[in-house]
Structures are given as structure tokens and as C-alpha cells.
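None of the figures in this text is laboratory data; all of them are computed from the coordinates on show. Keep in mind that this is a model prediction, so the values were computed, not measured. All Cβ positions, glycine included, derive from the backbone under ideal geometry; neighbour counts span all protein chains shown.
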Amino acid sequence: MLLLVDLDGVVYRGSESVPGVAKVLADRAAAGDTVVYVTNNAMHYRGDYVPRLAAHGAPVGPDRVVTSASASAVYVRDHMPSVRRVLAVGAAGLERELRELGFDVVTAAHAATRMSQEGIDGWAAAGHPDAVVVGLDPQLTYLRVAAAADCVRAGAVLIATNKDPLYPTERGFRPGAGSVVAAIETASRTMSRASIGKPEPYLLEAAAKLVNADPREAVMIGDALTDVQAGRAVGARTVLMLTGVTTRETADHLPEGERPTVVAADADGLASVLAALADG
Ligand SMILES: [Mg+2]
């Protein structure tokens, strides 16, 4: 089976392992399952997750992690062949993913600096990009929003890595990529053309494509309702874990159209449901 596995709230919570989950995944991989990790987090380069996941004991290789940043780069390459130059609003991981696929990348930081030093608008400062790709930018400034909005108003296509309104941290909730996207959509009076991360299907489609699999054959394992929604959107079976943001109470009262295939309370529950799903 292909297992598409969310990270935060499933494999780990912050820096802590979720007890037993990495071992369950390692056992499944040893038995022949393919494990690909899928995260909406657009800040980190996907390769940076490899040592981190290995430290938790999870089965992982260099090409077994897809982020909403890497999937956005793939999406633009595959769906928008005329795009060459991209304005990246986000952290270093987003910039790197776009560069790796051959895009001519200018950062919002660079464009904002030119705007203020040279007194030019964001479109000129960014060198007339064809697309604006937006993730969580922890260094976001007013001028970076202005640069992105100028580019979109001038005709650059707006792509959201994801629209998560919030980003959970050990110090509580912070604004997520969706909050940054909303600022640029509002300022440019233009809705983003696509949002790549969960609950939309593109992140999971990119993950399945990476291992030449059909996403309809996959099992999506996640702790949020957006994981279930994304899984349903690609026709995958879904396992909702109660190890993260979703409570038993919420899971038990979902309307018909939002229910996962199965709910698993913890690692033992996950092992049982995956054994059952593997048996068909
Ligand atoms: Mg999660």
C-alpha cells in the first residue's frame, strides 16, 4: 500500500515523537508498504525533514517527503509552462524548492529592499515575474505584501502553497500561510489561482506521482479534518488520528460527507486499521 502520512500531530508534535507511530510506519515499510510524508508546512526544504524523521525512527529516504512548497513548484512547472520568473513570498525552503525546478526566483525580501532604496514599484523591483508563490513568511513586512500585490495587479499569477489560517507552535497559534495569502489577495483584489496544500488534492497527487502510484490506491493518515478532506478529494482511503488536533468528540460527530474511512486513537489503533485495510 501507499501510505501518505501527515507529519505534525501524527509522527511528532513539535519536537516530541507521537509514541509508537514511527515504529508502526517502519514495520509497514519493512512489510512492503511505501511511505511518503505530506506536509502543508512550506517553510523548510523537503530534504531537511529526512534527518529529523530518521531521528524519530520513521522510515524515510531523500525522495519521500513532499511539502506544499515543493508541490507548488511542481504544480507551476506542470500547469504553467510559460512561467519563468517567480516572486517567492515565504521562508528559505520555498525559495530553494522553486530554484531546484529551474525557476528564476526573486524573493519578496529582495524586491522590498529595491522598492525602498530605488523608489520603484514592486513589479519593477521584482523584475516582472510571471508568478507569485506564497507561503508562510515569518519575516513578512508591509513592503513584501506591497511587492507581491504590485506583481499580481500587473498580471503575475498568484499561487498559494496552502491556505491554513493558523500555524500551531509550542507557544500557541501564529498566523499561517493562509493569512499571508489573504493579505496579498486583498491588496491585489485577486484571488489565488490555486492553493496546493491540503485540503486541496494537489499535494497528495504530487506525493503519489513521486512514487508512480495512483492516489486512489493510497491511504492518507492525518490528524486534521483537512487531511481527511484532501484524502477524499483524491479518492484515497483515510485514517483520522486522534494524536493531534482532532478530538474523539469531533470525530464522532462528523457529517457523512466529511468522515474518514477509519479513526485511530493512537499507534496501536493505527497498526490495527492498516492491517485491516491491507487485507482489503
Ligand atoms: Mg497534522
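The Rg/Rh ratio for the range 80-195 is 0.95, where Rg is the radius of gyration of the alpha carbons and Rh is the Kirkwood radius. Between the range 198-275 and the range 110-168, how many Å separate their Cα centres? If you average the Cα positions of each part, the centres end up 33 Å apart. Computed extension length for Ser272-Ala92: 60.9 nm, one decimal, from 0.36 nm per residue of separation with the Cα-Cα distance subtracted.
Going by how many other Cβ atoms sit within 10 Å of their own, how do Leu158, Leu101, Leu2 line up, fewest first?
Neighbour counts put them in this order, fewest first: Leu101, Leu2, Leu158.
D by Stokes-Einstein for the chain, Kirkwood Rh over Cα pairs, 25 °C, 0.890 mPa s: 128 µm²/s. Estimated from the Cβ-Cβ distance and a Förster radius of 35 angstrom, the FRET efficiency linking Thr169 and Ser82 is about 0.40.
The range 25-65 and the range 74-92 have their alpha-carbon centroids 24 Å apart. Relative to the current alpha-carbon distance between Ala31 and Ala187, full extension at 0.36 nm per residue lengthens the span by 51.1 nm. Looking at the chain alone, DSSP beta bridges between its own residues are antiparallel in about 15 percent of cases. Taking a ≥ b ≥ c as the square roots of the eigenvalues of the Cα gyration tensor, an a/c ratio of 1.5 or more together with a/b no larger than b/c marks the range 150-245 as oblate.
Our coupling estimate for the range 45-59, obtained by passing each phi through the Karplus curve with A = 6.51, B = -1.76, C = 1.60 and θ = phi - 60°, is 5, 4, x, 5, 7, 5, x, 5, 5, 4, 5, 7, x, 7, x Hz, Gly and Pro reported as x.
Label sites at Ala194 and Leu254, each approximated as a point 7 angstrom past Cα along Cα to Cβ, lie 2.5 nm apart. Shape analysis of the range 9-90 places it in the prolate category; the axes a ≥ b ≥ c from the Cα gyration tensor give an a/c of at least 1.5, with a/b above b/c. Each DSSP beta bridge with both residues in the range 80-195 is either parallel or antiparallel, and the antiparallel ones are about 20%. Note on Ser68, Ser17, Ser82, Ser188: ascending count of other Cβ atoms within 10 Å places them as Ser82, Ser17, Ser188, Ser68, the fewest first. For the chain, excluding the exposed loop sites themselves (trypsin sites (Lys or Arg not before Pro), DSSP loop, at most 13 other Cβ atoms within 10 Å), the longest remaining stretch covers 190-280.
In plain terms, the C-alpha convex hull of the range 1-150 casts an average shadow of 9.6 nm² when viewed from every direction.
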